[in-house]
Amino acid sequence: MESILKSLNCQPPQQQSLFEAELPAVTGSPVEFDRYAYDKYVVMFSGGKDSVATVLHLLDIGIDPNRIELWHHDIDGHGESFMDWPVTSDYCRRFAAAFGLPLYFSWRVGGFLREMLRKDQCTAPVMAETPDGLIQAGGTGPQNTRRKFPQVTAALSQRWCSASLKVDVGAAAMRNQPRFLGIRTLVCTGERAQESAARSKYLTHEPDRCNTRSRYVDHWRPVLQWSEEQVWDIMKRFGVRPHPAYYLGFNRVSCAHCIFSDCHQRATEQQLLPTRFKRIADLESEFGLTIHRTKSVRQLANEGTPYMYEEEVAEQAISTKYTVPIRIESTGWKLPSGAFKQGSGPQ
Ligand code: SF4
């Protein structure tokens with residue numbers, strides 16, 4: 001698994017956008033890491049608990065909210081709902097609105113489905129919302145064929161979803177916005193060391209993959225040393241209601257049909273989203289290669305037991321509208337059933 005994460009951290013080829021070719025280097029960059037010394041704080045915001053804790057921590061330590069923005073990478077590419085929780089985008093929107101923070105979506109055109117079904121085509125371009133409108137980047141690579149799910153394996157070429165649909169999307173969005181030239185930007189992500197041996201070796205801060213002479217970008221993992229308990233505690237203190245998937249019993253909010261789902265999660269997915277589940281199962285048959293490699297999603301679901309949950313929460317999770325308040329009185333805050341549960345994930 002460690003090698004999987006290493007593969008996730010592979011640096012894409014360094015690209016320099018056209019805007020920065022003639023610009024002078026950003027000077028006066030802090031030698032010692034000073035979390036207050038940045039003009040812009042970009043939080044990669046999935047809507048999961050660790051990214052929520054990251055935002056709340058920034059606010060807690062007094063970072064100026066006017067310098068913070070949230071970026072959400074839409075796995076389904078603003079297209080057909082296929083892999084992600086239908087409610088995730090709206091949960092992110094409501095969270096950002098509740099804290100008065102700007103939220104920008106970015107995605108690979110066609111999302112997971114288009115990338116997976118690619119046949120003699122190049123990888124689709126990235127679209128990114130910016131304060132000045134929508135931008136497009138890439139989409140001119142070599143033409144080839146994918147036609148298989150990401151595999152639960154260490155090889156990045158086979159386990160392609162996170163890199164193609166999240167990491168590369170964020171990097172393209174950053175590299176193609178001239179507003180990040182000549183300022184200091186801190187990219188903040190919510191990995192925690194407790195999640196895995198691999199993550200425990202991550203650095204708390206380091207130069208970001210988008211850092212160049214003229215675009216100063218650092219990467220900070222503010223909750224890297226936090227326990228899960230600390231994460232729930234800060235959500236409770238700020239009265240933030242967690243994503244509905246946690247109340248269904250999931251410990252991680254990833255894609256609803258994450259390639260790392262265990263048998264109980266597969267059984268729950270099948271019960272909650274039967275049409276999408278069947279499509280995934282049918283595609284596994286069509287490709288002749290399953291996600292898990294030795295078991296199909298149907299076999300896994302048959303081995304598992306669906307989580308117990310309230311119908312009202314299920315309706316929230318599979319809706320495209322998040323209709324309950326994000327913030328509630330901390331006295332009414334309820335720890336979700338997915339908290340502290342052993343789950344499966346890419347960490
Ligand atoms: S959450 Fe799972 S399926 Fe979705 S991109 Fe990450 S690893 Fe892939």
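The values are calculated or read from the model by the stated rules, or taken from the named source; none is laboratory data. Quick caveat, the model's predicted, so the values are computed rather than measured. Virtual Cβ from ideal backbone geometry, glycine too; neighbours counted across all protein chains shown. Ligands, DNA and RNA are stripped out before the accessible areas are found, and what is left, the full protein with its side chains, is counted by its heavy atoms. Shrake-Rupley method; radii C 1.70, N 1.55, O 1.52, S 1.80 Å.
Can we say Gly47 is surrounded by 18 or more Cβ atoms within 10 Å (Cβ to Cβ) and in a loop (DSSP other than H, G, I, E, B)?
Answer is yes for this residue.
Is there any pair linking a residue in region 88-101 that is modelled with pLDDT of 95 or more to one that is open to solvent by 10 Å² or more (accessible area, probe 1.4 Å) and assigned to a helix (DSSP H, G or I), with Cβ under 8 Å and at least six apart or on different chains, and which?
Cβ pairs passing all conditions: Phe99/Leu59; Phe99/Pro65; Gly100/Pro65; Leu101/Pro65.
Wholly within region 214-332, which helices (runs of 4 or more DSSP H) include no fewer than the required count, namely at least 2 residues that are within 23 Å of Ala53 (Cα to Cα)?
228-237, 244-248, 311-317
Among the residues of region 232-255, what is the count of those that are closer than 13 Å to Val87 by Cβ and either more than 16 Å from the ligand (Cβ to nearest atom) or not aromatic (Phe, Trp, Tyr) (or both)?
9
Search region 44-103 for residues being aromatic (Phe, Trp, Tyr) and more than 17 Å from Met235 (Cα to Cα), and hand back the single one that is farthest from the chain's Cα centre (by Cα).
Phe82
Pick out the one residue from Arg252, Arg327 that is outside the structural domain of Ser89 (by TED's automatic domain parsing), of a type outside the set (Val, Ile, Thr) and in contact with a strand residue (DSSP E or B) (Cβ under 9 Å, 6 or more places away or on another chain).
Exactly one of Arg252, Arg327 is outside the structural domain of Ser89 (by TED's automatic domain parsing), of a type outside the set (Val, Ile, Thr) and in contact with a strand residue (DSSP E or B) (Cβ under 9 Å, 6 or more places away or on another chain), namely Arg327.
Does Asp218 satisfy the criteria of being away from the ligand (no atom under 16 Å from the Cβ), charged (D, E, K, R) and crowded, with 18+ Cβ neighbours inside 10 Å?
yes
Given the criterion open to solvent by 50 Å² or more (accessible area, probe 1.4 Å) and either under 30 Å from Asp39 (Cβ atoms) or touching a helix residue (DSSP H, G or I) at 6+ places or on another chain (Cβ under 9 Å) (or both), identify the matching residue among Arg199, Arg237.
Arg237
For region 156-181, which positions are away from the ligand (no atom under 14 Å from the Cβ) and touching a residue at least 24 places away in the same chain (Cβ under 8 Å)?
Across region 156-181, the qualifying residues are Ala171, Ala172, Ala173, Met174, Arg175, Asn176, Gln177, Pro178, Arg179, Phe180, Leu181.
Are there any pairs with C-beta distances below 6 angstrom linking a residue in region 259-281 that is closer than 11 Å to Arg298 by Cα to a residue that is part of a helix (DSSP H, G or I) and open to solvent by 70 Å² or more (accessible area, probe 1.4 Å), with the two at least 6 apart or on different chains, and if so which?
Cys263/Glu303; Ala281/Arg298
Looking only at region 252-291, filter to residues that are surrounded by fewer than 20 Cβ atoms within 10 Å (Cβ to Cβ) and polar (S, T, N, Q); which one of those is nearest to Ser89 (Cα to Cα)?
It comes out as Thr275.
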